[in-house]
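Remarks on the structure that follows.
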Amino acid sequence: MTGTLPWHRRLPRDAVLLPAFGLLDLFTSSSVVIQHRPVSTTAWLLQLLAALVSVGALAWRHRAPVTVFVVECAHGVVVWFLLHDYRPWVALVVALYSVAVLRPLAVSAGAYAAACGRGLLNALDSYRIEPVVGARFGEFLVTALMFALVYGAAWSAGLVVRGHRARVRQFDTDRQAARDEAVTRERQRIAAELHDVVSHSVTVMVLQAAGAAQVATAEPERARQALLHIQQAGQQAMAELRRLLDVMTADADPAGGADRLGPQPRLADIEVLLASMRRTGLTVRTHTSGRAAPLDPSVELAAYRTVQESLTNTLKHAGAGSRVRIYFTWEEQVLLLRIDDDGPAASARPAVGLSAGHGLASLGERIRRAGGRLSTGPRPEGGFRVAASLPISQHPVDG
């Protein structure tokens, strides 16, 4: 974990910062600038060289912050023994900050303790040069405390930056996870739509084709009508599949998923669906009670798919001669939707529907996401029942 810019982007910034660090160090802690007594050319050059080494090591602080910190500590100790007129400290502050930003708390805490230990050398200088003997110990403590505060400020600033970067990374992680979840849910939604389209249309076409084959010779007109129904069902299925394929090949944009699927079937389209199913031989009747109220689009689609899946299952498992009753009961806050059939094969019917065996299971999940409940099972008097409870929108009907 670095959390830093690439080297080629850091280079222009370091070209400004590193010389500034060097000048600050020289102006505050070297006799090159602060001359209490004449400085020889050799001492002047050695102090400049020591400053260059100290600041130059900072160029690697992003790649190896702990190593650079150790170098700065060792550099300060060596200079303390060899050069009595130069006490570098700026580079060590920067190195400690880098360790606090880029390494765990335990490592940076150890680095802070080491920096305070090196600060004791500066405190020892203050003790040594203090002319008043009685004030030497106090000067030692003040200097040690001053450097502890300076290094503590650098360490604390590094910890703050590290925490901020961690929060930014967590935010990015959460955002990516949310995006992945949205993509997954969109794919599940498209898969459910594909199931509804393929299950209904293919079932209708297969049964119509079987019926046409049986009456092709004796009743050619009925066979022709069945073939027309197959053509219409196929065209409708192709149109819906083409719409879904357009969605799947479009650029991924989970936030706009609900819009990209285009206009969805509504309860007003139920009659078209029922007419199609009646042409297959099903006897379908509807019963409505209560006052109709507006439904959210997701709820209305769930209601439509409930009727479609139920009729498709009846056609598949109970046969084309079955009778189906659909009950719409509008209450104050819910729409109760019930589909009953009297198919003779209902007792042996699998409880999960068509296709890969997940029709009603998928429908149940769709209704749950819409805020409703689904129950399915055989009827005591024979046949099969699908019952759904769906929430009614809490806003007034326009007009």
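Observations on the model:
- Euclidean distance between Cα centres, the stretch 272-333 to the stretch 96-156, Å: 81
- Computed P(r) (all Cα pairs; the stretch 89-186; 10 Å bins; percent): 16, 30, 21, 15, 9, 5, 3, 1
- Per-atom-type breakdown for the stretch 40-132 gives carbon and sulfur 78% of the accessible area (1.4 Å probe, protein chains only).
- Each label was represented as a point 7 Å from its Cα along the Cα-to-Cβ direction; for residue 219 and residue 17 these points are 8.7 nm apart.
- Cα→Cβ-extended label distance, 7 Å offset, between residue 146 and residue 289, nm: 9.2
- Whether the stretch 26-155 is rounded, prolate or oblate, judged on the alpha carbon gyration tensor where a/c under 1.5 counts as rounded: oblate
- Full-stretch length increase - residue 53, residue 268 - with 0.36 nm per residue and alpha-carbon distance subtracted: 69.3 nm
- Residue 173-residue 70 FRET efficiency (beta carbon distance; Förster radius 25 Å; 0.05 resolution): 0.15
- Area of residue 42 that stays accessible when all protein chains are in place (1.4 Å probe, Å², to 10): 90
- Rg/Rh for the stretch 35-104 stands at 1.05; both radii use Cα atoms, and Rh follows the Kirkwood definition.
- Solvent-accessible ranking of 86, 327, largest area first, probe 1.4 Å: 327, 86
The values are calculated or read from the model by the stated rules, or taken from the named source; none is laboratory data. Just so we're clear, the structure is a prediction, and the values are computed from it rather than from any experiment. Glycine gets a Cβ as well: all are built from the backbone with ideal geometry, and neighbour counts include every protein chain shown. The accessibility values were calculated without ligands, DNA or RNA, using every heavy atom of the protein model including side chains. Shrake-Rupley method; radii C 1.70, N 1.55, O 1.52, S 1.80 Å.
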